[in-house]
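Everything on this sheet refers to the single structure shown next.
We did not get these values from a lab; they are worked out from the coordinates using the rules stated. From a predicted model like this one, the values you see are computed outputs, not experimental measurements. So basically every Cβ, Gly included, is an ideal-geometry build from the backbone, and we count neighbours across all protein chains shown.
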Amino acid sequence: MSKEIVLIILFMTVVTYGARVIPFILFRNISLGGFWKSFITLVPVALLAALVIPELIISPENSIRLLNPFLVAGICTFIFARRVSNLFYSILFGMIVFWGFDKII
Amino acid sequence: MIAKGFSYGLQKSISIGIGYAPVALTFGILSLQNGLTVWEAGLMSLFVFAGAAQFIAIQLIGQGATIWIIGLTTLVVNIRHILMSFSMIRFFSGISLGRLSLLAQGLTDESFVLNSKLLEDIRTPEERSRVALGVNVGAFLSWVIFTFVGAWLGNQMNITFSGFNFALLALFIVLTVGIVNRSNVFTYLFAGILAIILKMLIPGKVYLLLSVAIAATVGALIEYYRESKENLEIKHE
């Protein structure tokens, strides 16, 4: 195992675990209401949008491209997952559709 | 009613565990293609346990990026865990710091989304922490084990399949189906549009944190304003 990779893993672990645990330590005895309650329940929703939507329509050259395998496979996966509520099948379906359209487009 | 505990969470984690399998296999295979060894790939999953950041990291390692670039990129990509962790505290009031720090390692986008739904229906913080631990352990085991399997496979043969590029996104899209509804679709779309604009304007991954923070703030302000208006109307009646 190379020393550099070990250091990289260590660095990644520290920043990731830090982000996971710090709010638990700082805010563990605080109960939230009103605005903050709405805010924290909306975080997962906003997060999924930010993780997915840009990847589907921005090309590696940093421009918007609608006809690309990511968007097509993304829409197909979404429709499939709505009908078949099975995580494994839906992911497999998405990967295969992507592979297919990647060959065509 | 029988108390729900660790095994209930573990059982519920099966959906994530199975969903992680193709993604972790992909990670393992791609790790080898980017010059990592089987152990390095497995240890990264064991310690870091954060899909998106790991995929980005092995790409950067393959490109020969410095440890500082990789560390900082990981920080930017994973700082969103602060928001998720902050959002989870409401379930665990009074739980010991020791157990909380154990729960923290299992916090991922997927376990967070599942726990957020699951824990709403469970009454005590004690039960919630046990269920969440079950969910996290199940997801964690699947991620680590299938990384090793993928890395081992990648070591045996050269596998090329463009569908690998879509594994992580497919996982996120399936999660979207379960969580977006009429009451929060505005925040979802707003965050998406913001993320597109910010990603094109700002290099790197800062757009993730910015768009989530702004969209959730705006969405929450609208909800808060609506609720206080309704309360006023009730008072007037």
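The table for this structure:
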read-out	value
Proximal lysine pairs, the protein assembly as shown, alpha carbons under 21 Å, eight or more residues apart or interchain	5
Gaussian network model of chain B, Cα within-10 Å springs - most flexible of B:GLN54, B:GLN105, B:GLN156	B:GLN156
Geometric extent, Cα atoms of the protein assembly as shown - Rg, Dmax (angstrom)	19.9, 74
Relative contact order %, chain A, counting alpha carbon pairs below 8 Å whose residues are six or more apart	18 percent
Test item: Cα-centred dipole of the range B:182-237, Lys/Arg +1 and Asp/Glu -1 on Cβ, debye	320 debye
Size of electric dipole in the protein assembly as shown: Cβ of Lys, Arg +1 and of Asp, Glu -1, about Cα centre, debye, nearest 20	340 debye
Ranked list, fewest to most other Cβ atoms within 10 Å of each Cβ, for B:SER85, A:SER85	A:SER85, B:SER85
Semi-axis lengths (Å, descending) of the ellipsoid that matches the C-alpha gyration tensor of chain B	34, 24, 15
Mean residue ellipticity (222 nm) of the protein assembly as shown, computed from DSSP H runs ≥ 4 via -39,500 (n - 2.57), nearest 500	-25500 deg cm²/dmol
